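Here the structure is laid out as structure tokens; the discussion comes afterwards.
The values are calculated or read from the model by the stated rules, or taken from the named source; none is laboratory data. From a predicted model like this one, the values you see are computed outputs, not experimental measurements. A quick note on method: Cβ atoms are made from the backbone with ideal geometry, for glycine too, and the neighbour counts reach across all protein chains shown.
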Amino acid sequence: MKVNVANEGIKYGVICGLIAVLFMYGSWAAGLNTFVTTQFYTNFIPYMIPIIIYGGFQVRKQNDGILPYGQALKFSFLAYVIVGVIVALGTYILYNLIDKELTMKSLQVGLEKTRAMMEKFGASEDDIEKAMKKAQEDGAKGTGIGKILLGTGLFYIWDFCKSLLIALVIRKEEKFED
């Protein structure tokens, strides 16, 4: 390999991580409703996938058009690992140092949205109350390091699945002549 796949994975991970933190802090600065909505949608909009695919094609190009599947997977998952570390640090700083009340404030907005959605889908009042009570109990625990690490770990499982697919897209195996 001519190009260092690990260094490139770190580079694109830092790029995506900084974008994620920019979304987090920018939406927080714009107001609580914007923050809650943005955090919800950024979990579902795959804006990092095109960036990592682009980076993978750049790595492949720098390596004379060859990028074995294993190296492609290493590149893409390492990028997601770096993103997870950056986002976890950014989350901890925002929720525990900058705005210690953010967990409870965003919980209240989230509960209102959840109640409205459950009512829209015809959930019983009993089911709605159970969901609200459980969410309030979970929110009362705050956003500590344990909760952040658990969330990061769960996202790594999903990120690994995305990395498997990204590696299929960006890989190009060397062809051997007979």
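Might you let me know whether segment 72-87 holds any residue that is small (G, A, S) and under 18 Å from I148 (Cα atoms)? Yes: one or more hits. Yes or no: segment 38-58 includes at least one residue that is without any contact (Cβ under 8 Å) to a residue 60 or more places away in the chain, among the aliphatic types (A, V, I, L, M) and outside any helix (DSSP H, G or I). Scanning segment 38-58, I find at least one residue that is without any contact (Cβ under 8 Å) to a residue 60 or more places away in the chain, among the aliphatic types (A, V, I, L, M) and outside any helix (DSSP H, G or I), so the answer is yes.
For segment 26-45: of the residues being exposed (fewer than 15 other Cβ atoms within 10 Å of the Cβ) and at pLDDT 90 or above, which is farthest from M104 (Cα to Cα)? Looking at the filtered set, the residue picked out is G26. Selection of segment 122-178 for residues being of a type in the set (A, V, I, L, M, F, W, C), under 24 Å from P46 (Cβ atoms) and touching a residue at least 12 places away in the same chain (Cβ under 8 Å) yields I148, L149, F155, F160, L164, I166, A167, L168, V169, I170. For the structure I just gave you, tell me whether V14 is more than 20 Å from E174 (Cβ to Cβ), part of a helix (DSSP H, G or I), over 14 Å from the mean Cα position of the chain (by Cα) and not aromatic (F, W, Y). Answer is no for this residue. Considering only segment 55-69, I want to know if a residue exists there that is aliphatic (A, V, I, L, M) and more than 30 Å from E173 (Cβ to Cβ). No: segment 55-69 contains no residue that is aliphatic (A, V, I, L, M) and more than 30 Å from E173 (Cβ to Cβ). Of the helices (runs of 4 or more DSSP H) lying entirely inside segment 67-162, the ones with 2 or more residues being over 22 Å from V14 (Cβ atoms) and modelled with pLDDT of 95 or more are found at 69-93.
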